[in-house]
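A.B. asks: Just dropping this structure here.
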Amino acid sequence: MSHPETLLTVKNLSVHYPSRLGWFWQKNEPKRAVNDISFTVPRGKTVGLVGESGSGKSTTGKAIIKLSPLTSGQIFYKETNIGVLDGQAFQPWRKKIQMIFQDPYNSLNPRSDVQSILSEPLEIHFPNLTASEREERCVDLLKSVKLPADYLRRYPHEFSGGQRQRIGIARALAVQPELIICDEPVSALDVSVQAEVVNLLQDLQEQLGLTYLFIAHDLAVVEQVSDEILVMSQGKIVEAGKPSSILSRPQHPYTQKLLSAVPRF
Amino acid sequence: MTSEPLLHVENLSITFTSHDRRTSAVKSISFSVAKGEVLAVVGESGSGKSVSALSLTRLLPSPPLCQIQGNIFWCGKDLQKLSEDELTQIRGKEIAYIFQDPGTSLNPVYTIGYQIAEAVKIHEPTIKDTEAVVLQALQDVLIDDPRKVAQQYPHELSGGMQQRAMIAMALACNPRLLIADEPTTALDVTIQKEIIDLLKRLRQERKMSILLITHNFGIVAHFADRVQVMRQGEIVESGETSSVMQNPKHPYTRGLIACIPRLGQRRRRLTTLSEEMKA
């Protein structure tokens with residue numbers, strides 16, 4: 001097989017937050033959440049981003065879709081530098097890049113039923129669809145995440161954690177994205193549900209040719225889904241490579257420490 | 001086996017009532033914890049593992065909201081029959097708790113030292129020098145600078161340090177049983193390892209029993225003497241940790257262990273629970 005096309009290129013990305021401690025005449029060092037990191041994500045593959053809390057992994061994911069402010073660096077989607085686009089100019093890329101969040105309890109609007117949750121992105125990105133076409137799409141979306149069609153009229157509180165995460169995935173799929181940023185998508189779920197959602201994400205990747213940036217703290221889950229793993233610590237990528245080589249021969253002391261802390265049985 | 005278990009629970013049932021709907025959270029379970037033993041209770045959310053631990057010292061809402069049936073024997077005494085005052089002598093003193101989220105279990109407006117001292121004053125009123133006890137308690141959980149931490153407020157500490165402070169508070173009165181309800185679930189793996197190693201050490205030193213509630217089989221394998229697996233309010237399997245982990249008898253236990261992705265054992269697809277095994 002030929003070399004896969006590079007979908008996303010992150011170059012020297014930094015995200016610094018101003019520190020709010022101290023008085024106004026005191027100069028504060030900014031919090032360097034993400035500090036000069038570079039990586040690429042090939043089309044159709046999964047790049048796993050692991051690290052502990054505060055390592056900057058979620059900030060990295062958010063910076064790509066402009067949920068975090070960019071301090072410096074460039075983000076290329078194929079050839080386009082999307083890092084410099086803002087507002088309306090970024091809109092077409094919001095359709096190509098979607099995000100799935102950790103907490104299925106807080107990321108769905110409790111006042112909307114499933115149909116309106118799934119229709120909203122369609123109304124924005126596919127304004128030409130008629131109401132009946134939209135409904136048809138919503139049914140298809142539920143089917144693709146293996147939920148029954150009659151769930152359309154239900155509200156988020158009626159679902160279990162795993163079902164809500166499926167709805168979150170369906171919403172991300174609604175606009176037919178190419179790249180999905182999965183921010184701790186299975187961390188809040190029970191192990192049996194976690195296994196189902198991981199399998200679903202992998203099935204969808206095969207069917208639809210999706211590309212994932214998979215952010216998680218659980219090394220075993222990241223190993224399961226990733227073609228390449230990036231290990232982050234204190235805003236930096238300390239190690240990158242194939243899952244098998246990172247797990248069997250970790251080079252960086254931080255990766256070694258992380259691996260030795262995982263209880264095995 | 002020792003002659004009399006420290007804690008013995010017989011046919012414990014817990015039912016919640018709200019808006020005329022009755023939910024049976026725990027269905028007639030029996031178990032015991034021996035002196036110096038670590039018993040792990042494993043299960044998924046809603047299996048009843050936390051409520052059964054809370055029910056032991058009446059930490060659940062009172063009837064009619066929540067009804068508890070069955071017997072809970074503590075060193076031969078029936079805890080259900082004790083008055084509130086008598087139970088206070090046991091809760092926090094002989095049976096102490098640590099919870100999943102140290103950030104919400106600590107009181108944000110008092111210093112760590114004040115909160116530990118409070119527990120000591122209630123349970124050991126004869127002790128004059130509570131400060132020494134507080135500093136010793138903080139030292140016991142391997143906090144480097146106990147004097148400084150004692151004067152700090154919960155928000156000034158990291159999650160791992162907060163959980164240490166919680167453990168220090170729980171252990172300040174030398175309990176005989178520590179109930180640890182998902183003590184490391186909210187923590188990073190490296191901190192999780194530190195906390196588990198700390199609990200292992202403290203258990204050795206003090207010969208105390210631990211009731212460990214968790215969903216993480218990895219922790220169970222390295223820490224617990226015995227394990228019991230709960231599902232929908234029932235105990236489906238219990239036994240020595242090594243035999244349950246290596247040779248699970250119940251299909252649910254087998255299924256649950258098979259679901260867990262393991263480091264260095266990448267599979268094409270993860271195993272999932274079959275429909276009838278699901279909660």
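No value in this document is a laboratory result; all are computed from the given coordinates. Because the structure is predicted, anything quoted here is derived from the model rather than measured. Reconstructed Cβ throughout: ideal geometry from the backbone, glycine too, with neighbour counts over all protein chains shown.
A.B. asks: Strictly greater than 14 Å: what percent of every Cα pair in the range A:200-265 meets that?
C.D. replies: Cα-Cα pairs of the range A:200-265 separated by over 14 Å account for 60 percent.
A.B. asks: Calculate the FRET efficiency for B:K200 and B:S83 from the Cβ-Cβ distance with a Förster distance of 25 Å, rounded to the nearest 0.05.
C.D. replies: Working: r = 36 Å, r/R0 = 1.44.
Once the sixth-power term is evaluated, E becomes 0.10.
A.B. asks: Over chain B, calculate the relative contact order: mean separation of alpha carbon pairs under 8 Å at least 6 apart, over the residue count, as a percent.
C.D. replies: Numbers: 486 pairs, mean separation 65.9, N = 279.
Worked out over chain B, it gives 24 percent.
A.B. asks: Something else: Can you give the three extents of the C-alpha atoms in the range A:169-230 along their principal axes, from longest to shortest, in whole Å?
C.D. replies: Sorted largest first, the three principal extents are 28, 24, 18 Å.
A.B. asks: Shifting gears a bit: In the protein assembly as shown, if the dipole is taken from +1 on Lys/Arg beta carbons and -1 on Asp/Glu beta carbons about the Cα centre, which of B:I195, B:I143, A:Q234 is farthest to the positive end?
C.D. replies: A:Q234
A.B. asks: If I model a spin label at A:E158 and A:A89 as a point 7 Å from the Cα along the Cα→Cβ vector, what separation in nanometres do I get?
C.D. replies: Label-label distance for A:E158 and A:A89, simple model: 4.5 nm.
A.B. asks: If you average the alpha carbon positions of the range A:180-253 and of the range B:202-279, how far apart do those two centres end up, in angstrom?
C.D. replies: Distance between centres, Cα-based: 23 Å.
A.B. asks: Sticking with this structure for a sec: How high is the relative contact order of the range B:209-279? Use alpha-carbon pairs under 8 Å, at least six apart in sequence, and give a whole percent. Don't jump to the answer; show the numbers that get you there.
C.D. replies: Values: 61 pairs, mean separation 15.1, N = 71.
Once divided by the residue count of the range B:209-279, the mean separation gives 21 percent.
A.B. asks: How far is it, in nm, from the label point at B:D101 to the one at A:D227 when both lie 7 Å from their Cα along the line to the Cβ?
C.D. replies: Each label point is offset 7 Å from its Cα along the Cβ direction, giving 3.8 nm.
A.B. asks: How much FRET efficiency would the formula 1/(1 + (r/R0)^6) give for B:T126 and A:S260, where r is the Cβ-Cβ distance and R0 is 60 Å, rounded to 0.05?
C.D. replies: 0.85
A.B. asks: Suppose every K and R has +1 on its Cβ and every D and E has -1 on its Cβ; what is the size of the dipole of the protein assembly as shown about the Cα centre, in Debye to the nearest 20?
C.D. replies: The dipole of the protein assembly as shown has a size of about 680 debye.
A.B. asks: For chain B, build the convex hull from the C-alpha positions and give me its volume per residue in Å³.
C.D. replies: Enclosed volume per residue, from the Cα hull, is 155 Å³.
A.B. asks: While we're looking at this one, here's another question. Can you give the Rg and Dmax of the protein assembly as shown based on its C-alpha atoms, in angstrom?
C.D. replies: Cα-based Rg and Dmax for the protein assembly as shown come out at 25.5, 78 Å.
A.B. asks: Which percentage, to the nearest 5, of the DSSP beta bridges contained in chain B is antiparallel?
C.D. replies: Around 55 percent antiparallel, to the nearest 5.
A.B. asks: Whole-Hz Karplus ³J(HN,Hα) for the range A:169-186, in order, using 6.51 cos²θ - 1.76 cosθ + 1.60 and θ = phi - 60°, x for Gly and Pro?
C.D. replies: 3J(HN,Hα) across the range A:169-186, in whole Hz: 5, 4, 5, 5, 6, 3, 8, 6, x, 9, 10, 10, 8, 9, 9, 6, x, 10.
A.B. asks: Right, next: Skipping prolines and chain starts, which residues have an amide H placed within reach, meaning under 5 Å, of the one on A:I100, given they are 5 or more residues away or on another chain?
C.D. replies: Close amide H contacts, sequence-distant or interchain: A:I181, A:C182, A:D183.
A.B. asks: Would you mind checking which residues have amide H under 5 Å from B:I213's amide H? H placed 1.01 Å from N; only 5 or more apart, or other chain.
C.D. replies: Distant-sequence amide H within range of B:I213: B:V41, B:A180, B:D181, B:E182.
A.B. asks: Label-point separation (nm) for B:Q152 and B:S24, each offset 7 Å from Cα along Cα-to-Cβ?
C.D. replies: Each label point lies 7 Å from its Cα, and together they span 4.8 nm.
A.B. asks: If you don't mind, there's one more thing I want to ask. Using the Kirkwood radius built from alpha carbon pairs, what does the Stokes-Einstein equation give as D for the range A:38-109 at 4 °C and 1.567 mPa s, in µm² per second?
C.D. replies: 94 µm²/s
A.B. asks: Need one value for A:153-159: mean number of C-beta atoms belonging to other chains within 10 Å of its residues' C-beta atoms.
C.D. replies: 0
A.B. asks: Rank the residues A:W25, B:W74 as a footprinting-exposure proxy: fewest other Cβ atoms within 10 Å of their Cβ go first.
C.D. replies: The order, fewest Cβ neighbours first, is A:W25, B:W74.
A.B. asks: Here is a further query. Sorted by average packing, counted as other Cβ atoms within 10 angstrom per residue and highest first, what order do B:4-17, B:42-55, A:129-142 take?
C.D. replies: Highest-to-lowest ranking by the protection proxy: B:42-55, B:4-17, A:129-142.
A.B. asks: When you count, for each residue, the other Cβ atoms within 10 Å and take the mean per peptide, how do B:79-90, A:189-200 rank with the highest first? Write out the running numbers ahead of the final one.
C.D. replies: Working: B:79-90: 13.5, A:189-200: 22.3.
Final packing ranking: A:189-200, B:79-90.
A.B. asks: Relative contact order for the range A:112-196 using alpha-carbon pairs under 8 Å, separation at least 6, rounded to a whole percent?
C.D. replies: 36 percent
A.B. asks: Roughly how many debye, to the nearest 20, is the charge dipole of chain B about its Cα centre, given +1 on each Lys and Arg Cβ, -1 on each Asp and Glu Cβ, and no other charges?
C.D. replies: Working: 32 positive and 31 negative charges, 179 e Å.
Roughly 860 debye, rounded to the nearest 20.
A.B. asks: Per residue of A:183-195, what is the mean number of Cβ atoms on other protein chains within 10 angstrom of that residue's Cβ?
C.D. replies: Values: counts 0, 0, 0, 1, 0, 1, 2, 10, 14, 14, 7, 5, 11.
Mean shielding count: 5.
A.B. asks: Along the principal axes of its C-alpha atoms, what lengths does chain A span, in descending order and rounded to whole Å?
C.D. replies: Reported extents, whole Å, longest axis first: 55, 52, 45.
A.B. asks: Any idea what Rg and Dmax come out to for the range A:99-199 if you just take the C-alpha atoms, in Å?
C.D. replies: Computed over the Cα atoms of the range A:99-199, radius of gyration and Dmax are 12.9, 41 Å.
A.B. asks: Based only on other Cβ atoms within 10 Å, what is the fewest-to-most ordering of A:I246, B:I235, B:I68?
C.D. replies: The fewest-first ordering by Cβ neighbours comes to B:I68, B:I235, A:I246.
A.B. asks: Under 20 Å from the 7 Å Cα→Cβ point of B:R254, by amide nitrogen: which residues of the range A:189-211?
C.D. replies: Within reach of a label on B:R254: A:191-193, A:195-196.
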